[in-house]
1. Just to be sure I understand the curve: with the Debye formula and one point per C-alpha of segment 70-125, what is log10 I(q)/I(0) at q = 0.16, 0.20 Å⁻¹?
2. When N counts the residues of segment 89-204, how does its alpha-carbon radius of gyration compare numerically with 2.2 N^0.38 Å, as a ratio?
3. List the lysines whose Cα lies under 25 Å from the Cα of Lys74, skipping any in the same chain that are fewer than 8 positions away.
4. Excluding Pro332 itself, what net charge comes from residues whose Cβ is under 11 Å from its Cβ, given Lys and Arg +1 and Asp and Glu -1?
5. Take every Cα-Cα pair in segment 253-412 and report what % of them are more than 19 Å apart.
6. Taking the chain as a Gaussian network, Cα atoms linked when under 10 Å apart, which of Ala227, Ala201, Ala31 shows the biggest mean-square fluctuation?
7. Please list, in chain and number order, the residues 5+ apart from Asn195 or on another chain whose amide H is under 5 Å from its amide H, with Hs placed from the backbone.
8. Could you pull out every one of the lysines with an alpha carbon less than 23 Å from that of Lys253, ignoring same-chain neighbours closer than 8 positions?
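The values are calculated or read from the model by the stated rules, or taken from the named source; none is laboratory data. Quantities reported herein were computed from a predicted structural model and do not represent experimental measurements. Cβ sites come from the backbone with ideal geometry, for glycine too, and all protein chains shown count toward neighbours. Please note that ligands, DNA and RNA were not included when accessible areas were found on the heavy atoms of the full protein model with its side chains. Shrake-Rupley method; radii C 1.70, N 1.55, O 1.52, S 1.80 Å.
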Amino acid sequence: MTKALEGVRVLDMTHVQSGPSATQLLAWLGADVVKLEAPGGDITRKQLRDLPDVDSLYFTMLNCNKRSITLNTKSERGKEILTELIRRSDVMVENFGPGAVDRMGFTWERIQEINPRIIYASIKGFGEGPYTNFKAYEVVAQAMGGSMSTTGFEDGPPLATGAQIGDSGTGVHAVAGILAALFQRENTGRGQRVNVAMQHAVLNLCRVKLRDQQRLAHGPLPEYPNAENTEGADEVPRSGNASGGGQPGWAVKCAPGGPNDYVYVIVQPVGWQPLSALIGRPELADDPEWATPESRLPKLGKMFQLIEEWSATLPKWEVLEQLNAHNIPCGPILSTKEIVEDESLVANEMVVRVDHPQRGTFTTVGSPLKLSDSPVDVVTSPLLGEHNAEVYVGELGLNDEELRLLKTNGVI
């Protein structure tokens, strides 16, 4: 069975997380992703190692289904080879610091001369302006994209989210741009530039908070548990575990009280009657002080306290079972250990075991993109320079002696 992006060659000049997360998705969709690394390799091969002299899980979990070649792009011969790689590629992706590729001698204008059909995608920390040359990291992007100021509890500091919305979140945005550009090329015959900034991607994921920022001009935010503090406020406050949507939600404690013994519960209007009966307070279903969403909004803290008095007596899986029996939206807080062992995630190939030539096997995340005619088989990340001969000799036409000299001279 052919893959969705079969026949698409991607020159992957990315490192760390934002870029590799994007090119891994392209590889899972069937593209031939050739990861070009400096002779020393992607820095994450050695970061956070759990086994000595073996590629780290940081690297392996972001670079599955790719081929690896090495190249010193600062050398003259390296530049000549890079030119040929660009000529043969459909997509080129990089996430170096601003201007780094230009300084190599490969401006967008030069790249267009080499290959007018290429899609050249760049991931940067910020757009053009005062932040352009700021160094960008995951949590820096969260800080400047609106996530941190709205995450956490009102009486505490701003918090980072455990989800990598700055790095991998930007990678997903980059994939969308690359696929759109490839589609447009079918009509125009031309490649184009794709630019995605980490700050911008985080902001896109925080749009509901900008919605609430505008709503403040017309009154408080009643669905926030700290609604009284939004009266006359000029910025959206942190609101703990509030759902942020039209239906109130909260994480309630469960037995035996461990750090992840919680269930997140959403209280819809239709769910109040069965929920009030479930928690042993059936009279609240008809009580004018509790019966309607409008009457409950000023008492969200008390409402979830009542639910928690019930949930705290039961294990979270039993709470989940009883709530779902009444079609009440809910979900258990799953720890990383529970996720790795989750039978459903394994069955859906979202948690997969991959064989690695040096570390044996490792667990990683499978493809969240499920295409009926383009199934994904997750295969191991490449060893450093594993495909040098395959690409340079088999595809670029260099001979074995030149390959040896390239290595001797530090070009690869």
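1. Listed by q, the Debye log ratios stand at -0.45, -0.72.
2. 1.22
3. Partners within reach: Lys35, Lys46, Lys66, Lys124, Lys135, Lys407.
4. Local net charge: -4.
5. Summing the P(r) tail past 19 Å for segment 253-412 gives 70 percent.
6. Ala227
7. Ser122
8. Within the straight-line limit of under 23 Å, Lys253 reaches these lysines: Lys299, Lys302, Lys316, Lys337.
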